[in-house]
Amino acid sequence: MSISFFISMLSFCIVLSISPGPVNAMIVTSGLNNGFRKTFSFISGATIGFTLLLLSIAFTYEKFLISSNNQFLLFLEIFGSLFIIYMGYKIASTSMLDLSVKESKTLKFYEGFLLQWLNPKAWLACLAGVSMFVNSQITLVIFVIMYFVVCYVCLSLWGILGHKASIFFDTALKVKVFNMSMGILLIISASVLLLNNI
């Protein structure tokens, strides 16, 4: 594996992990409301979920392409959009006061894990990555390990960003407005995806 190939692989992992999306939006919101420590469980679930999705796609990539399972992708986009809308509603309907009283409002490990498997962006990132960089067992191992580390670091940075943002969002009203804004953005983006597939 050449250095240029390695750099391209690393760049791909960083760009797709750090770029805004449903998972990152939820991590920022959770970091703001709950702090980084309580958000880390969701970050771990999202990272592990994505890594297992990547492995699953890598092992079934050729069969997946041969079958051209368009119905599965359509189901994924519709069901994934509905799940993201639900998570957007959860974010929009919370406030700092609610979170201090109800621990159930904290995003959980399984929600991060499940979200990646229902996130069309995650599937497209895995399919693109496997097609571009996996041409042997060695490159698969390197790619999966690299993506796992990069994903953990990038998602953690989003969590830290949310936690540090609490300095600015220092009142319940500001937090409520932020949560509603992030939740509504998630709902709108998922709704657009859903409407395009109905």
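Measure off 7 Å from each Cα along the Cα-to-Cβ vector at residue 15 and residue 161, then give the distance between these two points in nanometres to one decimal.
Going by the 7 Å Cα→Cβ label model, 1.7 nm.
Quick check: from the Cα gyration tensor, does region 7-66 come out rounded (a/c under 1.5), prolate or oblate?
prolate
Among 178-185, 33-40, what's the highest-first ranking by average C-beta atoms within 10 angstrom per residue?
Details: 178-185: 18.0, 33-40: 19.8.
Descending packing order for the listed peptides: 33-40, 178-185.
Please go through the residue pairs 90/174; 121/176; 90/176; 38/90; 38/121 and name each one whose alpha carbons sit more than 19 Å apart in this structure.
Exceeds cut-off: 121/176; 38/121.
Ranked highest first by average number of other Cβ atoms within 10 Å, how do 116-128, 10-22 line up?
116-128, 10-22
Please list, ordered by chain and number, the residues whose modelled amide H lies under 5 Å from the amide H of residue 107; skip anything fewer than 5 residues away on the same chain.
none
Using θ = phi - 60° and the Karplus curve 6.51 cos²θ - 1.76 cosθ + 1.60, what whole-Hz ³J(HN,Hα) does each residue of region 119-129 get, with Gly and Pro shown as x?
Working through the residues one at a time gives 9, x, 4, 5, 4, 5, 5, 5, 4, 5, x Hz.
Read-outs throughout are calculated quantities, based only on the coordinates presented, and are distinct from any laboratory measurement. Since the structure is predicted, the reported quantities are computational estimates derived from the model, not experimental observations. Quick reminder, even Gly has a Cβ in these numbers, built from the backbone with ideal geometry, and neighbours come from all protein chains shown.
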